[in-house]
Each structure stands twice: as structure tokens, then as C-alpha cells.
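Participant: Before I ask anything, let me first share the structure, which is written out below as C-alpha cells.
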Amino acid sequence: MKIVRKIKPEIKEKRGDITKLLDDGKSKIKSILLITSKAGSVRSNHYHRKDAHWIYILSGKMGYYEKPVKGNRIKKAILGPGDMVYTPPLMIHTTKFPRDTVFMAFSIRSRNQKNYEQDTVRVEALA
């Protein structure tokens, strides 16, 4: 599981701050989503054949569960504001929200509905 915790501003000055969320030199982001989740909701419960994404928490709290398609070990992490988690292709993932949460998802493939549905395989929740 690839998690970056409590991302802090790289530059702080009188005009404001600049925080680098992602600059790995490899990711080719094609879609950026702003998502809100109500307290008690469960999302994801799927994996992507080819897509990969980063989830960055703006506010709230998220339980993140993952397991490889060909594997049995479930990993769990609790993320809060300033935390980010990477989900590679063929990684089953479930997200649970104990409180209202706002997050962003940065995906390497287009998220138009047709492409998304063709690449997504729905499964039972991991938690």
C-alpha cells in the first residue's frame, strides 16, 4: 500500500502556500474528480483492469481497504486531511466514510462513463 501522510506546503510565503500533491515524473493524469461522501457511506468495491488513481483527502476521514485480485491479504489504512493513497490496476479497493468527507481522485485514464464502466469490475466489499 502506497500512502503519503500529512502532505505539507512546499512553499510558504506572504501570498500563500504551494503544496505539491503529485510530482512523481511518471503519472499521466487524464482525469481529476472532486468527490463528496456522506458519513456512513461505502464506495468503490471494485478494481480497474488498466486504470490507476491517487485519492487525496481534503476533509473528513476515510477507511481504505485493498487486496490484489490474485491474493488474499487485505490491507487497511485510515486516512485524513492531507493524506493520499495510490491504487494500481488490478487492486480491489473499498472505501468507507465514518464522517462527511471531501476528496479528489487523480486517474491515469479518462473517467467518462463508458470508459470507466469498461475498465471497472465490481466485487463484494472488503470490509
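The values are calculated or read from the model by the stated rules, or taken from the named source; none is laboratory data. Remember, it's a predicted structure, so these values are computed and weren't measured experimentally. Cβ placement follows ideal geometry from the backbone for every residue including glycine, while neighbour counts extend to all protein chains displayed. The area values use the complete protein model at the heavy-atom level, side chains included, leaving out ligands, DNA and RNA. Shrake-Rupley method; radii C 1.70, N 1.55, O 1.52, S 1.80 Å.
Participant: Taking the range 52-71 as the region of interest, how many residues are more than 12 Å from Thr101 (Cα to Cα), open to solvent by 20 Å² or more (accessible area, probe 1.4 Å) and aromatic (Phe, Trp, Tyr)?
Facilitator: The total comes to 1.
Participant: Determine if the range 110-121 includes at least one residue that is in a loop (DSSP other than H, G, I, E, B) and at pLDDT 95 or above.
Facilitator: no
Participant: Looking at this structure, is Lys28 within 24 Å of Glu117 (Cα to Cα) and assigned to a loop (DSSP other than H, G, I, E, B)?
Facilitator: yes
Participant: Do you know which residues across the range 79-100 are among the charged types (D, E, K, R) and open to solvent by 10 Å² or more (accessible area, probe 1.4 Å)?
Facilitator: Lys96, Arg99, Asp100
Participant: Same structure, new question: Look through the range 5-50, keep the residues that are among the charged types (D, E, K, R), touching a residue at least 12 places away in the same chain (Cβ under 8 Å) and open to solvent by 100 Å² or more (accessible area, probe 1.4 Å), and return whichever of them is nearest to Val121 (Cα to Cα).
Facilitator: Arg49
Participant: Run down Ile92, Ile78 and say which single residue is part of a strand (DSSP E or B) and within 15 Å of Arg49 (Cα to Cα).
Facilitator: When all the criteria are applied, what remains is Ile92.
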